[in-house]
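Participant: Quick one: structure below, then a few questions.
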There are 2 protein chains.
Amino acid sequence: MDTTDEFQIHLQRLPFKKATAIETVYALGNGHFGVRASNPLQGDNPDYPGQPGLFINGFYDLTALHYGEDYPGYPQNSQTMCQLPDPRFIVLEIDGLRSDDETFSVKQVDKNLNLKTGLLSEIYEITSPTDKTVRLTMQTFASQDDARIYGVAYSLSALNFSGNVKVIKQHRYTQQQIPQHDIDVRNVQRQSQLTCTYQEADHPTMQMITRKSQLAITLQVQPLKNDDQPVPKLTTQDQLPTYVTDFDLVPGIAQEVDFVYSIGFPHPVVIANADPDTVDQTLANETFSTLLNKSAHQWAIFWDNSDVELKGDAKLAKSIRFNLFHLNQAAGRDGMTSIPAKGLTGSGYEGHYFWNAEMFMLPFFIFTQPETAKQVLSYRYSKLLQAQQRAREMTVKKGVLFPWRTINGTEASAYYPTGTAQVHINADIAYAVDLYVRVTDDQDFLATQGLPLIIETARFWLSYGHYATDDAHHGRFVINDVTGPDEYTAMVNNNYYTNRMAQHNLYLAAHYARRLGQTDNNVIGKLGLTTTEIDAFQHAADQMYLPFDPNRQIKKQDDTSTEKPVWPIAETPRTQFPLLLHYHPMTIYHYQVNKQADTVMSDFLFPEDQDQAQLKRDYDYYEAITVHDSSLSRAIFGILAHRLDEADKSYQYFMDTALTDLTDAQGNVGDGIHAANMGGSWLSLIYGFAGLEIKDTTLHLHPKLPTEWLEMRFKLWFQHRHIGITINHQAVILENLKGKPITIQIGDKQVTLGSERVTVPFPI
Amino acid sequence: MDTTDEFQIHLQRLPFKKATAIETVYALGNGHFGVRASNPLQGDNPDYPGQPGLFINGFYDLTALHYGEDYPGYPQNSQTMCQLPDPRFIVLEIDGLRSDDETFSVKQVDKNLNLKTGLLSEIYEITSPTDKTVRLTMQTFASQDDARIYGVAYSLSALNFSGNVKVIKQHRYTQQQIPQHDIDVRNVQRQSQLTCTYQEADHPTMQMITRKSQLAITLQVQPLKNDDQPVPKLTTQDQLPTYVTDFDLVPGIAQEVDFVYSIGFPHPVVIANADPDTVDQTLANETFSTLLNKSAHQWAIFWDNSDVELKGDAKLAKSIRFNLFHLNQAAGRDGMTSIPAKGLTGSGYEGHYFWNAEMFMLPFFIFTQPETAKQVLSYRYSKLLQAQQRAREMTVKKGVLFPWRTINGTEASAYYPTGTAQVHINADIAYAVDLYVRVTDDQDFLATQGLPLIIETARFWLSYGHYATDDAHHGRFVINDVTGPDEYTAMVNNNYYTNRMAQHNLYLAAHYARRLGQTDNNVIGKLGLTTTEIDAFQHAADQMYLPFDPNRQIKKQDDTSTEKPVWPIAETPRTQFPLLLHYHPMTIYHYQVNKQADTVMSDFLFPEDQDQAQLKRDYDYYEAITVHDSSLSRAIFGILAHRLDEADKSYQYFMDTALTDLTDAQGNVGDGIHAANMGGSWLSLIYGFAGLEIKDTTLHLHPKLPTEWLEMRFKLWFQHRHIGITINHQAVILENLKGKPITIQIGDKQVTLGSERVTVPFPI
């Protein structure tokens, strides 16, 4: 295994010590589940300042929403990802005193995450009230090979005594108040409750059933083979099945006990009482290291596909890898789940999926882990029915409306002006489907899932928008009463980003419907498409109104955005940010002030829309009124600064983006990683510095490295080719690692890549 | 006393039988308190389908508001008017069986309200489980002479037996869920809790303290002198002080016991534990009839000032009087309270005051009960500090922002888009102040309270609005992010009504500041006014932007209102109204559809703004998109129809307005009267059919009676004159009942009214 420093996250090098922050940074997961790296003795202690827990993607309970004034179509429940018992948790017993009854002092000596293998190694020194100190070395991994598997090895040695120490392992579920760490949802405490049943069977098995959503999950723990080491005994304590391992310790000799958790997939209670796929008897033949190796092998494959090597700034290089590692840990890949805003590392945003899954994180997967990307898109396909119902609830006659925030596909946003009104989610999904199809050439996905997603989202626009009859809009297609990505402006007419994305959505619908209609009438027939409707898509797209300010010569964020006074950003004390925590929404909406990239997000996505002069005007105008209160903001501004050759700005935005969580720049990493910001750091590298652009079905690069770096290397999948790209200050070096020759565009140069490596020297 | 039918509301003539509706219609009050006319035996019975209770103006508890997503500046509590123990409640005991333990059958034989005297007379036949039937005759009144006094007389006679019957009277407070009947607030159940303490003293006294608002109120009951009738004995039952009256009944002879309640004024607990003004020992010398007569005398004065006599439609005439009676019962007159939307007759809208107090009800009081009008305006003055704090919370640097709904002066609206955003409340208050001053010539009020109200509200506009810099608004003064009276459109820029009213507010500020500044520098100095600021008021008013649609040649409701598709009103099933109970707000806002008069409300208030052709265009346009889901709507449309000589329409709108509660047209009179609609019916008569208009300081009438009527007679106070006006189809007959001669304008004719009656024949 590679143990070079480039892939190691050492506790000593982190600039913070807060328990919750450390738990998040070292959280392990695999898209199916995530485990926070809490102190293993404290998981049951209400005074422990951390928030230990296991999260399972898609395992949520319904939690009631209350409104001072309630209106039709308001969601009556939110969906809250359950915080489950910590599988790292153990009780130590020394001299008959138990660490869950008495105060044992626990000192964290070391913590190290190997990003390359996914192994987290930790050392604790634990002292009993009788002053006996043991050194506990823990190794844990979340398997990338079998999504159900979480392995944990406890190795103990005595430091100042010889004698018996017991390690007691037990599932316990303590009812807890679910803490709220949603920047948008303050002072709401939502309670969930699980029903737990325990079965002994061959191994302790715990079934948890959510109270309202009636979802079940099965957790099972079993010991792993470990020759010559103490063997845990299955017994019963406090009426719960319990493994007790007796260690007879002498100083200098470590003893070890290893467990494997099998964490089932959530399923509705009505389907089955037991979850047979969790009871994997073959695990009995495995050891911790065989399971770890299988997982590490998958991590190796991941890195071979997804690594971005940066030379010239070791700290930054590591931070980028940390981001990619966490992105991979966050993404559901069972077609029933997506990527929560905080991954599976914390309770922030209740474990909800937002538009940033498609717009900020999916590109990384599309280009480097296309199978995962497909599964994340399939999640949306699996929720088409819910989105259709939502559209009907909103009195939209055709098409679907995807929820702004959700787990189960129904709307969970309790504030529609920056929730349901962000109907751009529809177009974001269609955009991602198209990008996936163009990059992967996955025509099967397109026909079965992609086209329904694109058509149904397009239909929404035809119903929700209309052709203007007033003078100001010249008969163009307008979309009123929406909110764009900038949540500091709400419920406006003709948000630029929304209209441009809707236009794209409509074009995609017309394009793919026509293309697939030529070859496969069934595909079209199943969707009830007619030529008239396809023409209507095309016409609405052609006639889409895109607001423009003729005086300032900028794209206008919406019909009236530039009419408002500008928020006095410079005069606002730093303590008053983020604004949404300090000012009434009406006050914020009263001014020109952007939470994040909005109109310029369109400039980013559609570079063909504007020349450099236009981009410069848009960029300058919107940068001046943007406060970056969203972690999604800086990556986009950084990429655009790069396109504008504003190297210093671009570099600074990128560094802020890349280091957000490893420096806890926003002070809230304890609530979970900023997964979309991590996706944004990849966008910055590939769409920014490497200058990636897909025009039709051709890959373009306009690379330019910051002067601070020596070299950047990465690989992309593109139309069944695997392309290795190295960029330094002298040249771009390209390799076609798999597949037939392909022509790509480097700057102004067309390059045909066969089996030979091609070097394109600067200037290009 | 006048007992002519014109002033009697007979139970038999009501078109409904629902207990809650009857309780509301027969509720008695005097602006300080209100008592619902519930079955007197059922007040304590949870199965009784009515909602018995006593309401005290300004006596509320704080009830928590919850939000799915909470934001700064959201009110954390609502204010809920407390529903207090029913003072009508008694327990009967026959054959040792009590009506609060056993099932007594209670038949309501008759109920009659004499509007002229305020006496409510009721007859019940009550049968015990032992089949003994007594006839209970009840008489009650809420004193107009002493606001604390509620009188209740119980007269019993045996119908089918001779023997002992006990009447037991006790204050009881049963904790209850406060029902919610707010059309805007569905499915929210707010709980309040009172702490009750009982003192025996000379008479049973009950102090109630609200849990969170910490307000106290004292209720006291004492028997009234009644010669030769049974005397109640003060005793203790269930640890509560109790009056027990023994009746030894024989058929054919009625016996009576009379009580008087003394209902104190709410005061903060911190001020005093006891409320001395409730213990009125002089009451011991009074009889029911002496107290009743004092009250009836005040009612007679009321009718002498406020009656509107209609000849030609007896049912309508009575309904109008019913409306005026209830308006008078609803209005607080202690300077600390205003007029709740449901008066003091029910729990609807939680007992809150809205803009309709000033805009729909106050004109009636200004012209006929100016002292009450002054007190209602003084309430606003008493809440200036809270309104100032609210403005600061909303980051508005100068001036005040009055709450959209409130009791204690702080905002209680839980949905800002149709709550706080209705900033027109500020201008509404200023408008009412000016109207009051112009009609009454109360210069003292103007200097002490009126000017601060006008100046501070005007200051808000200068801070909240701004001079436009965009092309569309030509540098005019614009006001963004507001909601007008039409709650089916929210958070718009330049709502016509709001801007026009703000303009008026600013003009008033400049006008009065200059006028008072000439004579009294102190007045100006206290407000910190400068010439610069006064000029700024004037300039903003002069430059106020008023949206206009050049194609349709109509006043535009807001900058973008006419750009939206029109709601398909005709195709919407009747069951889907009111829309707000059936459609998501985003859906409603997406269309042109008005809940109520909005832009045309400005046409109503400012007739000088438009000629008939303009009015006709505005009227036709907005009528077609208005669904009248608010009870405030029809009166305004009716008045404008009258101005347009659309007699049938005008008559129909008026009849719908006038009869709303006596026919339970909206099906929810059980939650309380529609007080503002009652005010609207007066507006329709006086501003509509009599054509009242005040131009500067001159009273104008443009009378025209519907052909359905013979005559209308009423009196108005105007600048210290009391003017009697009779309108029939031949002429207008005017009398100056008090004061110096005055010149008024009847149609095109100037008429100088001295001591002689003047007849102005049609056509005028």
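Participant: Can you list, shortest first and in nm, the gaps between the label point of residue B:234 and those of its counterparts in the other copies, using a point 7 Å from Cα in the C-beta direction?
Facilitator: Residue B:234 label point versus its equivalents elsewhere: 7.8 nm.
Participant: Gain in length, residue B:408 to residue B:313, computed as 0.36 nm per residue apart minus the alpha-carbon separation, to one decimal in nm?
Facilitator: 30.0 nm
Participant: Rounded, prolate or oblate: which one fits segment B:713-761, using the alpha carbon gyration tensor with axes a ≥ b ≥ c (rounded when a/c is under 1.5, else prolate when a/b beats b/c, else oblate)?
Facilitator: The shape class here is prolate.
Participant: Sticking with this structure for a sec: Once phi is turned into ³J(HN,Hα) by the Karplus curve 6.51 cos²θ - 1.76 cosθ + 1.60 with θ = phi - 60°, what whole-Hz value does each residue of segment B:213-229 show in order, with x for glycine and proline?
Facilitator: 7, 6, 9, 10, 9, 10, 10, 9, 10, 9, x, 9, 4, 7, 4, 6, 10
Participant: What pairs from B:111/B:318; A:116/A:311; B:311/B:342; B:556/B:616; A:398/A:695 go past 19 Å between their alpha carbons?
Facilitator: Exceeds cut-off: B:311/B:342; A:398/A:695.
Participant: Still on this structure: Only protein chains counted, 1.4 angstrom probe. Which residues of segment A:55-69 are at least 30 Å² less accessible in the assembly than when their chain is isolated?
Facilitator: By number: A:66, A:68, A:69.
Participant: What longest range of chain B stays clear of loop-exposed GluC sites (Glu not before Pro) (DSSP non-H/G/I/E/B, at most 15 other C-beta within 10 angstrom)?
Facilitator: The longest uninterrupted stretch comes out as B:201-570.
Participant: Over chain A, what is the relative contact order in whole percent, taking alpha-carbon pairs under 8 Å and six or more residues apart?
Facilitator: Contact order relative to length: 12 percent.
Participant: Of the options A:615, B:142, A:330, report the single residue whose Cα projects farthest towards the positive end of the charge dipole of the protein assembly as shown (beta-carbon charges: Lys, Arg +1; Asp, Glu -1).
Facilitator: A:615
Participant: Which FRET efficiency value, to the nearest 0.05, is calculated for residue B:102 and residue B:284 with the Förster distance at 35 angstrom and r the Cβ-Cβ distance?
Facilitator: 0.55
Participant: Okay, moving on. Within the accessible area of segment A:713-761, what % is carbon and sulfur when the probe is 1.4 Å and the other protein chains stay in place?
Facilitator: Roughly 47 percent of what the probe reaches on segment A:713-761 is carbon or sulfur.
Participant: Over what distance in Å are the Cα centres of segment B:376-451 and segment B:693-764 separated?
Facilitator: Going from one Cα centre to the other spans 33 Å.
Participant: Taking the Cα centre of segment A:713-761 as origin, sum charge times position over the Cβ atoms of Lys and Arg (+1) and Asp and Glu (-1), and report the length of that vector in debye to the nearest 20.
Facilitator: For this selection, approximately 180 debye.
Participant: Still on this model: Choose one of B:16, A:51, A:413: the residue whose Cα lies farthest towards the positive end of the charge dipole of the protein assembly as shown (beta-carbon charges +1 Lys, Arg; -1 Asp, Glu; about the Cα centre).
Facilitator: Farthest towards the positive end: A:413.
Participant: Oh, and also: Between residue B:269 and residue A:700, how many nm apart are label points set 7 Å from Cα along the C-beta direction?
Facilitator: Inter-label distance under the simple model: 7.2 nm.
Participant: In chain A, if the dipole is taken from +1 on Lys/Arg beta carbons and -1 on Asp/Glu beta carbons about the Cα centre, which of A:386, A:762, A:232 is farthest to the positive end?
Facilitator: Checked the options; the winner is A:762.
Participant: To continue, here is another question. Explain nothing, just compute: Karplus ³J(HN,Hα) = 6.51 cos²θ - 1.76 cosθ + 1.60, θ = phi - 60°, for every residue of segment B:52-65 in order, whole Hz, x for Gly and Pro.
Facilitator: After applying 6.51 cos²θ - 1.76 cosθ + 1.60, I find x, x, 10, 10, 10, 4, x, 9, 9, 10, 7, 10, 4, 9 Hz.
Participant: Moving on to the next point. Starting from the Cα-Cα distance between residue A:722 and residue A:617, subtract it from 0.36 nm times their residue separation and give me the gain in nm to one decimal.
Facilitator: Going from the current span to full extension adds 34.1 nm.
Participant: Let's see if you can work this out: charge +1 on each Lys and Arg Cβ, -1 on each Asp and Glu Cβ, no other charges. What is the dipole magnitude of segment B:435-591 about its Cα centre, in debye to the nearest 20?
Facilitator: The dipole magnitude comes to about 200 debye.
Participant: Next up: Could you state the number of Å between the C-alpha centres of segment B:464-536 and segment A:556-582?
Facilitator: 23 Å
Participant: How big is chain A on each of its three principal axes, counting only the C-alpha atoms and giving the largest first in Å?
Facilitator: Cα extents, longest axis first: 87, 63, 61 Å.
Participant: Quick query: amide H of residue B:711 versus all other amide H atoms, modeled in the peptide plane; which residues come in under 5 Å with a sequence gap of 5 or more or a different chain?
Facilitator: Those qualifying (amide H under 5 Å, at least 5 residues apart or on another chain) are B:311.
Participant: So, one more: Does segment B:240-378 come out rounded, prolate or oblate, given a ≥ b ≥ c as the square roots of the eigenvalues of its C-alpha gyration tensor, rounded meaning a/c under 1.5 and, failing that, prolate meaning a/b above b/c?
Facilitator: Oblate shape, in that a/c is at least 1.5 and b/c is the bigger or equal ratio.
Participant: Using modelled amide H (1.01 Å from N, peptide plane; none on Pro or chain starts), what sits under 5 Å from the amide H of residue B:66, excluding residues fewer than 5 places away?
Facilitator: A:68
Participant: Continuing with the same structure: Using only the Cα atoms of segment B:1-128, build the gyration tensor, take square roots of its eigenvalues as a ≥ b ≥ c, and label the shape rounded, prolate or oblate: rounded if a/c is under 1.5, else prolate if a/b is larger than b/c, else oblate.
Facilitator: Verdict is oblate for segment B:1-128.
Participant: Could you list the trypsin sites (Lys or Arg not before Pro) in segment B:1-109 that lie in coil according to DSSP, counting only those with at most 10 other Cβ atoms within 10 Å of their Cβ?
Facilitator: Within segment B:1-109, the qualifying trypsin sites (Lys or Arg not before Pro) (loop, at most 10 other Cβ atoms within 10 Å) are B:17.
Participant: If one takes the accessible area of chain B alone plus chain A alone and subtracts that of the pair, with a 1.4 Å probe, what total in Å², rounded to the nearest 100, results?
Facilitator: By this definition, chains B and A bury close to 5000 Å².
Participant: Also, I was wondering about something else. Taking H as built 1.01 Å from N, whose amide H comes closer than 5 Å to the amide H of residue B:467, not counting residues under 5 places away?
Facilitator: B:478
Participant: Express the Stokes-Einstein translational diffusion coefficient of segment B:5-302 in µm² s⁻¹, to the nearest whole number, given a Kirkwood radius over alpha-carbon pairs, 10 °C and a viscosity of 1.306 mPa s.
Facilitator: 79 µm²/s
Participant: While we're here: Could you work out the helix-only [θ] at 222 nm for chain A, with each DSSP H run of four or more residues adding -39,500 (n - 2.57) and the total divided by the number of residues, to the nearest 500 deg cm²/dmol?
Facilitator: -8000 deg cm²/dmol
Participant: A follow-up question, please. For residue B:401, what accessible area in Å² do you get when you roll a 1.4 Å probe over the heavy atoms of the protein chains, rounding to the nearest 10?
Facilitator: 0 Å²
Participant: Tell me, what ³J(HN,Hα) does each residue in segment A:345-355 have, in order and in whole Hz, if you take phi through Karplus 6.51 cos²θ - 1.76 cosθ + 1.60 with θ = phi - 60° and put x for Gly and Pro?
Facilitator: 9, x, 8, x, 6, 6, x, 7, 9, 10, 4
Participant: Return, for the Cα atoms of segment A:58-118, the radius of gyration and Dmax in Å, separated by a comma.
Facilitator: Looking at segment A:58-118, its Cα Rg and Dmax stand at 21.4, 62 Å.
Participant: I would also like to ask the following. If Lys and Arg each add +1 and Asp and Glu each add -1, what is the summed charge of the other residues whose beta carbon sits under 11 Å from the beta carbon of residue B:293?
Facilitator: -1
Participant: Using Cα-Cα distances under 8 Å and only pairs 6 or more residues apart, what relative contact order does segment B:713-761 have, in percent?
Facilitator: RCO, segment B:713-761: 30 percent.
Participant: Also, I was wondering about something else. In segment B:631-687, which trypsin sites (Lys or Arg not before Pro) are in a loop and have at most 14 other Cβ atoms within 10 Å, using DSSP for the loop call?
Facilitator: Counting only loop positions with at most 14 other Cβ atoms within 10 Å, none of the trypsin sites (Lys or Arg not before Pro) in segment B:631-687 qualifies.
Participant: Residues of chain A: accessible area per residue at 1.4 Å, in Å²?
Facilitator: Result: 34 Å² per residue.
Participant: Something else now. Which value, in debye to the nearest 20, gives the size of the charge dipole of segment B:5-302 about its Cα centre, when Lys and Arg are +1 and Asp and Glu are -1 at the Cβ?
Facilitator: Approximately 480 debye in magnitude.
The values are calculated or read from the model by the stated rules, or taken from the named source; none is laboratory data. Note that this is a predicted model, so its numbers are computed, not measured. Ideal geometry is used to build each Cβ from the backbone, glycine not excepted, and the neighbour counts take in all protein chains shown. Note: areas computed on protein heavy atoms with side chains; ligands, DNA, RNA excluded. Shrake-Rupley method; radii C 1.70, N 1.55, O 1.52, S 1.80 Å.
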